[in-house]
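The values are calculated or read from the model by the stated rules, or taken from the named source; none is laboratory data. What you are looking at is a predicted structure, and each value in this text was computed from that prediction instead of being measured. Every residue, glycine as well, gets a Cβ built from its backbone with ideal geometry; the counts of neighbours run over all protein chains shown.
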Amino acid sequence: MGIKWDEILITGDPIILGSQIAILLTTLGIIGGLTYLKKWTWLWREWITTVDHKRIGIMYIVAAVLMFFRGGMDGLMMKAQTSRPEMSFLDAQHYNEVFTAHGVIMILFMAMPFLIGLMNVVIPLQIGARDVAFPQLNALSFWLFFSGAMLFNIAFVVGGAPDAGWTSYFPLAGKEFSPGIGNNYYAISLQIAGLGTLMTGINFIVTILKMRTKGMTLMRMPMFTWTTLITSVIIVAAFPIFTVALALMTFDRLYGTHFFTVAAGGSDMLWANLFWLWGHPEVYIVILPAFGMFSEIISTFSRKQLYGYKSMVVSIVAIAVLSMLVWVHHFYTMGSGALVNSFFSITTMMIAVPTGVKMFNWLFTMRKGRIKMTTAMLWSLAFVPNFVIGGVTGVMLAMGAADYQYHNTLFLVAHFHYVLIPGVVFAVFAGLYYWWPKMFGFMLNEKLGKWHFWLFVIGFNVTFMPMFFLGLNGAVRRAYTFSAESGFAPLFLLSAIGSVILAAGFAVFCYNIYWSIRYADRNISSDPWDARTLEWATASPVQHYNFAKLPEVKSLDAFWYMKKDNEGLTLKDEEIEEIHMPSNSGLPFLMCVAFGIVGFFLIFEWHLLAAISAVLIIAGLIYRSFDYNDGYHIHKDEIKKTEGAWRKMEGKVNNHVS
Amino acid sequence: MKLKMLSLSLVTAVSLIFLSGCEMVVFQPQGPVARSIMELINWSLMWMLLVVVVVFGLFGYIVWKYREKPENMGYEPPEEHGSTVLEIVWTAIPILIVIALTIPTVTTLYDLEDVPAGYEEKEPIVIHVTSADWKWIFSYPEEGIETINYVNIPEDTPVLFKLTSAGTMQSFWVPALGGQKYSMNKMETELYLVADNPGSYMGRNTNFNGRGYAQMEFEVLAQTDEEYNAWVKEVKETAPELTEEKYMELLKPTHLGRLTYSNTHLAWINHAEHDSELVTDPEDYRYHGYQGKIFDQEEEKDTTDVENNEEDHGGDHSGH
Amino acid sequence: MSANVNTSLPLEYQTEQSRMNILGFWIFLGAEIVLFATLFSVYGVLYKNYAGGPTHQDIFMIKEVMIQTVLLLTSSFTMGVAIWEMRRNNKKGLIGWFILTLLLGAGFLFMEINEFIHYVHEGATMQTSAFLSSLFVLLGTHGAHVTFGIFWATMVIIQIAKRGLTPVTARKTFIIGLYWHFLDVVWIFIFTFVYLKGMVL
């Protein structure tokens, strides 16, 4: 096998050395802390082995916030490096690794898990179910994501980080031009995480189709549930393409095949096509749930039903269909000819139509409403103008001929940050402030939340607005430096300053979490926002069985009308029945470890070790096949006690929403 | 209200794009190709500005008017499900805008495939562009000269750039003269550009291709016909000859300054041809980190025993 | 999760959880269709890129491929019979036909491995050309699915033998049935678009 021990750890770069030491110390610190506080059993029982959708959701969100930090640090490093012309903070190779990590982490290990986390917490509650359809599979999804994310994150200290961009275009990403193993990390760790995502997609489709409570027809589903359903359909339709693309990349890099190589008849354009056949739907996989969250929040804080519910549903379906038909707009410049480019220009611009419909529906939801400026609502409000800028520049980029001048410039970079940050990041922040009390039983501080909001939104605009101008002036993406003669310096500096404000906003957010955990009032209502959907009909934090009695739905915004008509809010003792719940399982976590080990060996091209450790995965599958544990029942007394405790509280709680 | 201020400042910012546009290279076209694209961009900017103004205005008005105030705490919003008429309106208007943008987009797309209008009479000059890591190689097959990292062209003459790459994928862009196009190994893409006036224009690669990407720039020097012809003549007479050996050396992943030769590499290899050989060597791309196995094309064709091959390449490529 | 049992339905559909598992598996098969469709389109793009290596006509062995096809198609039929026996609540019949199905599947695999060995001896390896890369990976992915199916089905047979026909074992058997038929359909496409097209054109 010939293991080259001296090459395994990356050496010779002070920043990386610092990170290695920091990682080592943090790991030791965590292990030491857990041992000192005797929290290992707690961690194993309550979290690692859990199959409860709410806890899995929380784990997703925690991981996503950590990844946000990592991806954000990468972003700041890039901004520092380009703050002045000819800076030498990072060298070219390091910069390449940093922007690759930034892209991959932000899209796949931050945006997706953040959204999937919120989906996990909220969706079963919104449809009045006690869990997802396949709770253990759900845990496996999380742990596979976690395994992939951790593998990807160690790349820069062990073995070398991927350096071909998040798009990993061939031939650059192939062995012919990147013989180091860095890009193996990309192929393998995204594959593992992607498997988890695919399972999530299947899980949520079945959950939403099969587990809706009595009376909740499809057209009575909350908008977040609708968007989650459509997102899951896109996941199932698009992720297998990525699975194949990554598998072929793995074959090319590890076994010398010729799918995307220059030599022996491979086609680099095939990679670009496959990547974007997945990659463009992927953009909508992250944007649609965000649209759903904005719909919920705008409706709640305007105290009005969502305007044009039906056209909202039609538009998300239309966006989903169109998302599959636009991938070529990522490479108009490949020379496919005017006909192909015209076709894809038109399909791409057509996406603006359903998106515009949604935009106006949101505006008209607020019209005649009573808009309460909570932090969650502020994020949703800021989304509208910022996303419109992302949207109109998107239409400009969609025009094939014009794209010849924007392609690969900072204009494009500014555009997709204007879509993804207001569209996804604002949404997950809004969702987090909104659903936080449901998850933990206390609220995030609203005052700090507003600081977080203003710093972040202003910082965001200062960072990315200059990039539009830079791009139109000829500045390209992914360049680690620029010359003083280019005249780019002032705007680059402005952008770097913006990123510091942005980071300050994120720091306030972290402080807010810390402050709220320590000091926030625990005595709050289980429905602090006077909300409209079923998740608010439960305790805060939610009882682990969700609903003592499954609610019955008679209309859209079911909980709103339950409160209005005072129906189904109380629980009589005789209505309580035993509840069947799935048992915890350590298997998903062990599979995460097994996949991590196999993945690591494959990345280092130690095929024999990988084959041997693959036995672990097979053993896990066999164990699962013979596992007949079908859960346990919660006794009536326990339910009575739990329900009594939170239902009595109502009326004696403090209100923190003003 | 802070929100309104925010939206106002955004409107200002967007109009800034429009106003300060006059100084940016995309808005200062130096040739008919770039000009036609700029006209398209301006057309789209006008419509997009309209969208921004309408949506921002509506947004500001609604948020301001219906915000919660101490006086309206008792106000309970009406139940409202939507309005078919309004929804049809805001579906139809975007469709009309999209149509308004589609027509010029499609015509421009077709126009850009050909010699720019008004220049059909002049015989285009053909220049083969070969991108390599990390330099641009320009071959003038008719003139029989080759330049590296700069290209001279006569003004007011259509130039047909035939793009290909010796390895990784690049994108050829001279923003002052026109849009970009990819250059790919074993492929040939074509791009017409014309420079209206003599002048020096920045050109560069926009498609990331590794460590040397940021500096992968070239200069386009548009000259009068006399200057151009004199330059060609001078190069033919004074520039050194490019040998195959020297050429292979050039293709290694390096930065070179400007170089000039009195013959072209097309004599022995055209990377655009489907059966051209890949002449780069993966060994030249070794950098830090753990090194993986390299698959040597030639050896594998001769051998059927893959396992043996693997052993040969195993452990001996360590180091940077 | 709840034991919402409806005995008027076939055994494998009786509990709510089983119904969800079966729906979930159908959706999974949808993902598999996308996966194979992608592999087919990759093959479609690369199938003429011989790069100086062997072509379709040089390596394909139509007789062996016909036998493979017959084996796999028959196994789909025997799988159908096995499910029919399950519906009749005939445990022995189910196991018998199930094992026969797997034997046919194993026969198919044996032939396919031999075919690969033959190709390699002809000098046609995965590394030779883009055409062969895409051929090996397309066939190999299908073959890997069959292999996985055989192992998985063996587990289920053990469970049926141990536990008899319960809603759970019946559901597991039914799901494998779906999987097996799906692999058969994929093979029909491979046979048509890879072998027949390769031999004729």
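Give the residues of the range B:51-66 that are surrounded by 19 or more Cβ atoms within 10 Å (Cβ to Cβ), closer than 16 Å to A:Asn386 by Cβ and among the β-branched types (Val, Ile, Thr), sorted by residue number. Residues satisfying the conditions are B:Val51, B:Val52, B:Val55, B:Val63. Does at least one position in the range C:47-55 carry a residue that is of a type in the set (Gly, Ala, Ser) and exposed (fewer than 15 other Cβ atoms within 10 Å of the Cβ)? Yes - at least one qualifying residue is present in the range C:47-55. Selection of the range A:249-270 for residues being farther than 20 Å from A:Glu605 by Cβ, more than 8 Å from chain C (Cβ to nearest Cβ) and not β-branched (Val, Ile, Thr) yields A:Asp268, A:Met269. Evaluated against (1) more than 7 Å from chain A (Cβ to nearest Cβ); (2) within 30 Å of B:Val174 (Cβ to Cβ); (3) in contact (Cβ under 8 Å) with a residue 60 or more places away in the chain, B:Met38 falls short on exactly one condition, (3).
Could you please give the count of residues in the range B:140-155 that are part of a strand (DSSP E or B) and of a type in the set (Asp, Glu)? Walk me through it before giving the result.
Step one: filter the range B:140-155 for residues part of a strand (DSSP E or B), giving B:140, B:145-148, B:150-154.
If we keep only those that are of a type in the set (Asp, Glu) as well, we get B:146.
Adding up the residues that qualify gives 1.
Does the range A:350-384 hold any residues that are crowded, with 21+ Cβ neighbours inside 10 Å and not in a helix (DSSP H, G or I), and which are they? If the condition is that a residue be crowded, with 21+ Cβ neighbours inside 10 Å and not in a helix (DSSP H, G or I), then A:Ile351, A:Gly369, A:Ile371, A:Thr374 are the ones that fit. If you check C:Thr74, C:Thr101 for being within 17 Å of the chain's Cα centre (by Cα) and buried (at least 21 other Cβ atoms within 10 Å of the Cβ), only one passes: C:Thr101.
Restricting to the range A:331-345, name every residue that is over 29 Å from the mean Cα position of the chain (by Cα), part of a helix (DSSP H, G or I) and within 7 Å of chain B (Cβ to nearest Cβ). Outline the logic, then answer.
Within the range A:331-345, the subset over 29 Å from the mean Cα position of the chain (by Cα) is A:333-343.
When the remaining residues are screened for being part of a helix (DSSP H, G or I), the result is A:333-334, A:338-343.
Those that are over 29 Å from the mean Cα position of the chain (by Cα), part of a helix (DSSP H, G or I) and within 7 Å of chain B (Cβ to nearest Cβ): A:Thr333, A:Met334, A:Ala338, A:Asn341, A:Ser342.
Before we move on, is A:Tyr561 outside any loop (DSSP other than H, G, I, E, B), among the hydroxyl-bearing types (Ser, Thr, Tyr) and at pLDDT below 95? For A:Tyr561, the condition - outside any loop (DSSP other than H, G, I, E, B), among the hydroxyl-bearing types (Ser, Thr, Tyr) and at pLDDT below 95 - is met.
For the range A:599-658, the tally of residues that are under 30 Å from B:Tyr290 (Cβ atoms) and among the aromatic types (Phe, Trp, Tyr) stands at 4. Summed over the range B:46-58, the residues that are in contact (Cβ under 8 Å) with a residue 24 or more places away in the chain and at the interface with chain A (Cβ under 7 Å from one of its Cβ atoms) give a count of 3. Look at (1) part of a helix (DSSP H, G or I); (2) buried (at least 24 other Cβ atoms within 10 Å of the Cβ) and you find that A:Val283 fails only one, number (2).
Matching residues to (1) at pLDDT 90 or above; (2) within 14 Å of chain C (Cβ to nearest Cβ); (3) surrounded by 15 or more Cβ atoms within 10 Å (Cβ to Cβ):
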residue	(1), (2), (3)
A:His544	no, yes, yes
A:Asp565	no, no, no
A:Leu569	no, no, no
A:Ile576	no, no, yes
A:Pro588	yes, no, yes
A:Met591	yes, no, yes
A:Phe600	yes, no, yes
A:Ile603	yes, no, yes
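Within the range A:230-247, the set of residues being more than 7 Å from every other protein chain (Cβ to nearest Cβ) and either within 24 Å of B:Lys293 (Cβ to Cβ) or out of contact with any helix residue (DSSP H, G or I) (no Cβ under 9 Å at 6 or more places or on another chain) (or both) comprises A:Ala245, A:Leu246, A:Ala247.
Number of residues in the range A:409-420 that are part of a helix (DSSP H, G or I) and crowded, with 24+ Cβ neighbours inside 10 Å: the value is 5. Considering the range A:407-428, the residues that are of a type outside the set (A, V, I, L, M, F, W, C) and more than 8 Å from chain B (Cβ to nearest Cβ) include one that is farthest from A:Phe294 (Cα to Cα), namely A:His415.
The set of residues in the range A:24-76 being in contact with a helix residue (DSSP H, G or I) (Cβ under 7 Å, 6 or more places away or on another chain) and without any contact (Cβ under 8 Å) to a residue 40 or more places away in the chain consists of A:Leu34, A:Trp40, A:Leu43, A:Trp47, A:Arg55, A:Gly71, A:Asp74. Sort out which residues of the range B:169-204 are in contact (Cβ under 8 Å) with a residue 24 or more places away in the chain, within 8 Å of chain A (Cβ to nearest Cβ) and not hydrophobic (A, V, I, L, M, F, W, C), and write them in order of number. Answer for the range B:169-204, where residues must be in contact (Cβ under 8 Å) with a residue 24 or more places away in the chain, within 8 Å of chain A (Cβ to nearest Cβ) and not hydrophobic (A, V, I, L, M, F, W, C): B:Ser171, B:Pro175, B:Gly178, B:Gly179, B:Gln180, B:Tyr182, B:Asn185, B:Lys186, B:Thr189, B:Glu190, B:Arg204.
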